[in-house]
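A.B. asks: Pasting a structure below so you can have a look.
The values are calculated or read from the model by the stated rules, or taken from the named source; none is laboratory data. All values derive from a computational prediction rather than experimental measurement. Reconstructed Cβ throughout: ideal geometry from the backbone, glycine too, with neighbour counts over all protein chains shown.
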Amino acid sequence: MAKSNLLKLPTRDKDLIARLWRDYVRRYLGTLLLAFVFMIIVAAATAAYTWLLKIIVDSMGANALGNSISESSDALAKTRHFVRLIVPAVIGLTFVSGLSLFTASILSNKVALNVVGDLQKSMFGQLQRMDYAKLRTKPVGNYVAHFTNDVNVVAAGLLRSMNNLVRDLLTLIFLIGAMFYHNWQLSLIILLVYPLAFWPIIQISKRIRGTSTDAQNQMGTINILLNESLSGARMVRAYGLEPYEEKRLGSAFTERVRLYLKLVTNQARVDPILEVLTGIAIAGVLAFGVYQMADGSASAGQLVAVLTALGLAAPKARALGTLNNVVQEGLSALKRIFSILDTDIDIIEKNNAPALAVTNAHIKINNVSFSYEDGTQALDAISFEAKSGQTIALVGPSGGGKSTVINLIPRLYDVSAGSITINGQDVRDVTLKSLRGNIALVSQDIILFDDTIAANIGFGDQSASQSDIEAAANAAAAHDFIMDMPNGYQTRIGEDGGKLSGGQRQRISLARAMLRDAPILLLDEATSALDAESESKVQMALDTLSKGRTVFVIAHRLSTVRKADKIIVLDKGKIVETGTHESLMKAKGLYAKLRALQFK
């Protein structure tokens, strides 16, 4: 009978399967073995049908030839006895087969779905640990495609493999054994015909593998485009870009249809090949079987048994032939999933790293340089320090390196050269949890979750009480508008805080940072979305919050940094000026020029 091409997989594919087995499937070995037992019962029961049919046909033939009209009453009694034996046997065999089939399917599906769930957990955990700089190199839509489309393809491959490969292969083995037992000459015809399918199926599989990779990549592209279009719905409508977006997404959908049509066309070629070969095999068995019956070397029961086995085996052979298509798609998706899991993580803790010990944070930036993976240099040998309780303002033109400094302190990035120390402790030498636990960040990129207002504030300190959350909201000038919401602090704010205004979203973010009560405060355009009244209130709260803390402030509105203890002016990754507001204005350098431009 036809076999899947799994035994002739390239080495890299065997490595993928071996890794999937070793890291994810083997842990469910007990369940798999139990499913295997029930699959053997299903295969044996299927093959047993051929014996029942042989017995029925041969018995009916013997009765027809051996009984005369005068013996009709005796023949009728024998027939009734025969029916009483055969009918319960058929029903019992069917019951055992059906129950075993159900149990095997449930057990194998349980393993496959658990493996898929484990893959998703591993991928998500890897993305949580992945360096922030690396995480940003790919669009979010690409990552989403791995969790949805790729995982679904792997799930289909696993389910088909466990339900069809093992069960159908076992059934084929038992049926082939039954064929040879009944009549080895007729069985030999079948085994000579089906191997003719090997070569075309192998060629089709190669085409499917390449097309499947293209189709999955195209799905990632569609996810990216959908995310961009739906996230930018406000701009799309404001600029009348609906026709442009429909054309752009329409082209992507058309390409997906083309690729999947090509994929299913290749997949559809397998069934006709096996169908034709099955017809040839049946014709050969019938022709040779009739000759055997004529010369008495075979009985009618043997011919019927072999044809029955062939009829039962043909769908299994077709299933195995098309299974290879699913396996090729699954391996392609699995390769992409493992590419995520194999991404190197550079920001890791040293063995036995101590926790950061800090009460009053004294931060030193020592000759720090930083370059992105593409070679772009963001910082070039900068040095300065922030003493305990000081507020350091980072100002300068866009692209000067201000946000990079903010990202280096909590090790979202790692320095390319130099060091950053907190109270003499290099941030690379302490645990990440303790380092980041001593830092509160408020970014211009406000991140809120589709949860309640209380929960979003509470992320700053998940052990905080409701009164602590409300105190933080009051300090961030957020309490009044929260109480005006339908359910107060228990109001769900939608995806990315979509039910709130820009200023409200920023004040929730500020309340979260205030609740954290960390000795180091990082403010990246923390008041950029506030109106004048709210900004005044929040600035007063920030002044209170900043007392006794070391604060780094990035602000394009230079009026907000006048009170800073030190202002660092960055341009093209270098420090070009350092001083207070007054001293920098007197120097009439870049800071003074930027301030003059703003006030014009």
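A.B. asks: Across segment 425-463, what is the number of residues that are in contact with a helix residue (DSSP H, G or I) (Cβ under 7 Å, 6 or more places away or on another chain), modelled with pLDDT of 85 or more and more than 30 Å from residue 415 (Cα to Cα)?
C.D. replies: Total meeting the criteria: 6.
A.B. asks: Say whether the condition of being more than 26 Å from residue 561 (Cβ to Cβ), under 35 Å from the mean Cα position of the chain (by Cα), among the β-branched types (Val, Ile, Thr) and exposed (fewer than 14 other Cβ atoms within 10 Å of the Cβ) is met by at least one residue in segment 376-383.
C.D. replies: Within segment 376-383 (the criterion being more than 26 Å from residue 561 (Cβ to Cβ), under 35 Å from the mean Cα position of the chain (by Cα), among the β-branched types (Val, Ile, Thr) and exposed (fewer than 14 other Cβ atoms within 10 Å of the Cβ)), the answer is yes, since at least one residue qualifies.
A.B. asks: Separate question: How about segment 395-418: which of its residues are more than 24 Å from residue 346 (Cβ to Cβ) and assigned to a loop (DSSP other than H, G, I, E, B)?
C.D. replies: Result: 396, 397, 398, 400.
A.B. asks: Here is a further query. For the condition farther than 30 Å from residue 355 by Cβ, in contact with a Ser or Thr (Cβ under 7 Å, 6 or more places away or on another chain) and of a type outside the set (S, T, N, Q), what is the one hit in 520, 482, 493, 453?
C.D. replies: 453
A.B. asks: So which helices (runs of 4 or more DSSP H) are wholly in segment 150-234 and hold at least 1 residues that are surrounded by fewer than 21 Cβ atoms within 10 Å (Cβ to Cβ) and at pLDDT below 75?
C.D. replies: In segment 150-234, the matching helices (runs of 4 or more DSSP H) lie at 184-193, 198-231.
A.B. asks: Can you tell me which of (1) at pLDDT 80 or above; (2) part of a helix (DSSP H, G or I); (3) surrounded by 21 or more Cβ atoms within 10 Å (Cβ to Cβ); (4) of a type outside the set (D, E, K, R) is the one residue 538 doesn't meet?
C.D. replies: Among (1) at pLDDT 80 or above; (2) part of a helix (DSSP H, G or I); (3) surrounded by 21 or more Cβ atoms within 10 Å (Cβ to Cβ); (4) of a type outside the set (D, E, K, R), residue 538 violates only (1).
A.B. asks: Here's a follow-up. What about residue 392, is it touching a residue at least 24 places away in the same chain (Cβ under 8 Å) and either assigned to a strand (DSSP E or B) or out of contact with any Leu (no Cβ under 9 Å at 6 or more places or on another chain) (or both)?
C.D. replies: Taking the combined requirement at face value, the residue satisfies it.
A.B. asks: Only one residue in 136, 80, 84 is within 45 Å of the chain's Cα centre (by Cα) and either at pLDDT 80 or above or surrounded by fewer than 19 Cβ atoms within 10 Å (Cβ to Cβ) (or both). Which one?
C.D. replies: Exactly one residue qualifies, and that residue is 136.
A.B. asks: What number of residues in segment 581-600 are over 12 Å from residue 558 (Cα atoms) and hydroxyl-bearing (Ser, Thr, Tyr)?
C.D. replies: Residues flagged as over 12 Å from residue 558 (Cα atoms) and hydroxyl-bearing (Ser, Thr, Tyr) within segment 581-600 amount to 1.
A.B. asks: Say whether the condition of being among the charged types (D, E, K, R) and in a loop (DSSP other than H, G, I, E, B) is met by at least one residue in segment 482-492.
C.D. replies: Yes, that holds for at least one residue.
A.B. asks: I'd like to check something: does segment 435-454 contain any residue that is assigned to a loop (DSSP other than H, G, I, E, B), within 29 Å of residue 566 (Cβ to Cβ) and of a type in the set (A, V, I, L, M, F, W, C)?
C.D. replies: Yes.
A.B. asks: What is the one condition in (1) touching a Gly at 6+ places or on another chain (Cβ under 9 Å); (2) small (Gly, Ala, Ser); (3) surrounded by 16 or more Cβ atoms within 10 Å (Cβ to Cβ) that residue 386 does not satisfy?
C.D. replies: All conditions are met except number (1).
A.B. asks: Within segment 575-588, can you find the residues that are part of a loop (DSSP other than H, G, I, E, B) and surrounded by 15 or more Cβ atoms within 10 Å (Cβ to Cβ)?
C.D. replies: 580
A.B. asks: Still on this structure: Evaluate the following for residue 421: is it under 28 Å from the mean Cα position of the chain (by Cα) and of a type in the set (Val, Ile, Thr)?
C.D. replies: Against the criterion (under 28 Å from the mean Cα position of the chain (by Cα) and of a type in the set (Val, Ile, Thr)), residue 421 does not qualify.
A.B. asks: Which pairs have Cβ atoms under 6 Å, sit 6 or more apart or on different chains, and link a residue in segment 574-600 that is within 20 Å of residue 381 (Cα to Cα) and of a type in the set (S, T, N, Q) to one that is in a helix (DSSP H, G or I) and modelled with pLDDT under 90?
C.D. replies: Close Cβ pairs satisfying both conditions: none exist.
A.B. asks: Could we say that residue 464 is within 30 Å of residue 423 (Cβ to Cβ) and part of a loop (DSSP other than H, G, I, E, B) here?
C.D. replies: yes
A.B. asks: Search segment 478-507 for residues that are at positive phi and pair each with any residue that is surrounded by 14 or more Cβ atoms within 10 Å (Cβ to Cβ) and among the acidic types (Asp, Glu) when their beta-carbon atoms are under 9 Å apart and the residues are at least 6 apart or on different chains.
C.D. replies: Correct list of pairs: 494/450; 496/450; 497/450.
A.B. asks: Let me ask another. Among the residues of segment 334-351, is any polar (S, T, N, Q) and closer than 30 Å to residue 522 by Cα?
C.D. replies: Yes, because at least one residue in segment 334-351 is polar (S, T, N, Q) and closer than 30 Å to residue 522 by Cα.
A.B. asks: Those residues that are closer than 24 Å to residue 21 by Cα and charged (D, E, K, R), I need them from segment 130-158; list them, please.
C.D. replies: Within segment 130-158, 150 is the sole residue that qualifies.
One line per residue, one yes/no per condition, for (1) part of a helix (DSSP H, G or I); (2) surrounded by fewer than 16 Cβ atoms within 10 Å (Cβ to Cβ); (3) modelled with pLDDT under 75; (4) in contact with a helix residue (DSSP H, G or I) (Cβ under 8 Å, 6 or more places away or on another chain):
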{"site": "24", "(1), (2), (3), (4)": "yes, no, no, yes"}
{"site": "28", "(1), (2), (3), (4)": "yes, no, no, yes"}
{"site": "48", "(1), (2), (3), (4)": "yes, no, no, yes"}
{"site": "71", "(1), (2), (3), (4)": "yes, yes, yes, no"}
{"site": "102", "(1), (2), (3), (4)": "yes, yes, no, no"}
{"site": "107", "(1), (2), (3), (4)": "yes, no, no, yes"}
{"site": "112", "(1), (2), (3), (4)": "yes, no, no, yes"}
